1. Before anything else, pin down the relative contact order of the range A:35-291: Cα pairs under 8 Å, at least 6 apart, normalised by residue count, whole percent.
2. Taking θ = phi - 60°, what integer Hz values does the Karplus form 6.51 cos²θ - 1.76 cosθ + 1.60 yield along the range B:143-151, in sequence order, with x for Gly and Pro?
3. When you look at the Cβ of every residue in B:124-136, what mean number of other chain Cβ atoms sits within 10 Å?
4. Given points 7 Å out from each Cα along the Cα-Cβ axis, report the A:Trp401 to A:Ala440 separation in nanometres with one decimal.
5. Convex hull over the Cα atoms of the range A:311-400, averaged projected area in nm²?
6. Given A:Gln193, A:Leu346, A:Tyr468, which one lies farthest toward the positive end of the charge dipole of chain A, if we put +1 on the Cβ of every Lys and Arg and -1 on the Cβ of every Asp and Glu?
7. Relative to the first principal axis of the alpha-carbon coordinates of chain A, what is the inclination of helix A:118-132, with its axis defined by its Cα atoms, in degrees from 0 to 90 and to the nearest 10?
8. Would you calculate a helix-derived [θ] at 222 nm for chain A, using -39,500 (n - 2.57) for each DSSP H run of n ≥ 4 and dividing by the full residue count, to the nearest 500?
Amino acid sequence: MTALAWICVALVLIGALPQVSGFYQFLLAGWHRFRRLQPSEQPLYPRIALIVPAWNEAMVVSRTIDQLMALEYPRDALRVYVVDDASTDETPERVQAKAVEYPGQVFHLRREKGGEGKAHTINHGLRIIRSEGWYEAVMIIDADVILTPPSLRRMTRYFGDPDVGAITAYIKEGSRPGNFMNRFVAFEYVTAQAAARRAQNVLGAQACLAGGAQLIRRESLEAIGGEIDTSTLAEDTVTTFNIQLDGKRVVFDPHATVWAEEPRDVGGLWKQRVRWSRGNVQVTFRFKDIWLRRDKGPLGGVSFAFIWFTIFLMPVLMVGATIGLLGLFFLDRDVAAVAFRVLWYLTLTTYLFVTLSSFSVDPDTARRAWREGIMFPGGISLLIILYAAYPPLFTDVVAGWLGDAGVQTAGTFSTVLLLFVYSWPSLCMVAAWLVKRVDASPLQPLAAPLLYVVGYGPLLCAITTHGYLKELRGAEMVWEKTEKTGHIGTGELR
Amino acid sequence: MSAADEVRVRRWPRFAVGAGAVAVTGVAIGAAVARVRRAAAAERAAVERPAAPAPPTALELSSSPTSVPLSGTQVGLDERVDAFPAFPAFAAFAALPDWPVVQAPDDRDTRGGGLPVPAEQAALELRDEERFENAVFVRSVLILVGIALLLTARTIWVG
């Protein structure tokens, strides 16, 4: 083999790293039973100041406050501060009505000049709460989420350990009635939260306090300056990193559930996730001195860096795998076939392990979103997995059918098909982008079935790529609010 | 008999081995799952729950067909907007050991909150959580074993 061929092989193998990383994370998640931090057996009820940033949340804010008052938490140890970011709808009136209904427990904090984004709104509330000095911990949530009654008291159990600086909950997709996109997100959250954050518990390093449920100990908040970061689009991740760099642990409690309403269409998801991916780029560079530095604690560990960067670089690695396979195709087809088989065999193994383990980690969501779990990589990717796992199905059976139908499958046809298959790790992102275009066109009803064909995973990669490109060209940082309708429920609903 | 037929005939023993391995895996997983379920049920039965008026334990990952009425919209278990037809194989997922659920808390009167829970209840919940984490570990191992056997069977079969 030539040096060029070896380089191509290396590109393909490096392209398989996200699969290895996914497999590794789910292995760790299974190990959570042995390595999780044990919460206190006795309930702990520190005084909690709950901050709810709200901008034009009239549809949901009253319900949110009622739910907070329904928490299984002593009333005299809980205060709710709704920070109204100069809302122009009925949010102020709704909150003030609730302040009257729950005197001494619900407070309306009004910003007359708003529009600076969520982080600034939260900081406005933090300044007031800190000046009062009443609180022992602060809980930051979104205005549209529903905290299940036991969630807060479950999170506070970890404060029994003085090394714990912050706790986050399991955010579950709760749109009711849900559509295909909600179910894809629901399954994604099983993998990205219920499983991945269990894995991070095992590593002792959390990547991010979920924006919808961040419980921070007073000392940790003061240690990071008493405010949250306003210079990035990932303020929750920056907070998480800073608390851990201060020597405190951040813990994920998988048994504290918070329901959130997520985007219902491709466009909404795209807008939300571009913001997230840009935030991740900013965090990666902002904390460039911690990667692979053991003296920085668990955040500087090899495992954490491996997981972070394989996800961060996934679009690049996928393009690299395509280049490698195509290069080998023209250099040495036999080697190309072996490399292809290795790449997709790993994909098959990871797919089976991740999908089945996700069903195991959250059976409730599995019952709701099992179809989306199975179709997560997309129909085309599943066919390629089948081809890699059992080629005769296509080379004999399908080719036989096509031959019977008079289609010539040898020669140019098979070459073009093979090139398509080798290119799919990159083409899938282009296809996902086309799904977004379809979603915004008169052909919008086709977007859902197309997404099942192309895959939700590729869609996330395409969005990430777009976010990186926007960040690369220095696009303006705008906090675009995700539209919420207030249709959110709990329990085993469809 | 053509050459292709001969190849197919030669593959049958491999197919039998592969199918056998898959069947054995299935039976092993099924037996293990049943065992875990029985153990969980026995353990639950052995634990005496706190009597009323303590609120029900609150592991919300339940099968409770409840919801929160919002904006005048009460959505329920039967409501599906764009659900696909039910798939019988999903029964396999439903057969997974259930989270040891007692009762979902979400349908309670929202004016009933603001109270701490009894310490005994919190301790029971913690035990439920530990059981669930144990189940996650056991299932994880079973899934890995199943995948390994499946891939082995495939390798034996296809070569």
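Every number in this text was worked out from the coordinates using simple rules, so none of it is lab data. Note that the structure is a prediction, hence the values are computed from the model and not measured. We place every Cβ from the backbone using ideal geometry, glycine too, and count neighbours over all the protein chains shown.
1. 23 percent
2. Per residue, the Karplus-derived 3J(HN,Hα) values read 5, 4, 4, x, 5, 4, 5, 4, 5 Hz.
3. The shielding value for this peptide is 5.
4. Computed distance between label sites A:Trp401 and A:Ala440 equals 3.7 nm.
5. Average projection, Cα convex hull of the range A:311-400: 7.3 nm².
6. Sorting the options by dipole projection puts first A:Leu346.
7. 30 degrees
8. -17000 deg cm²/dmol
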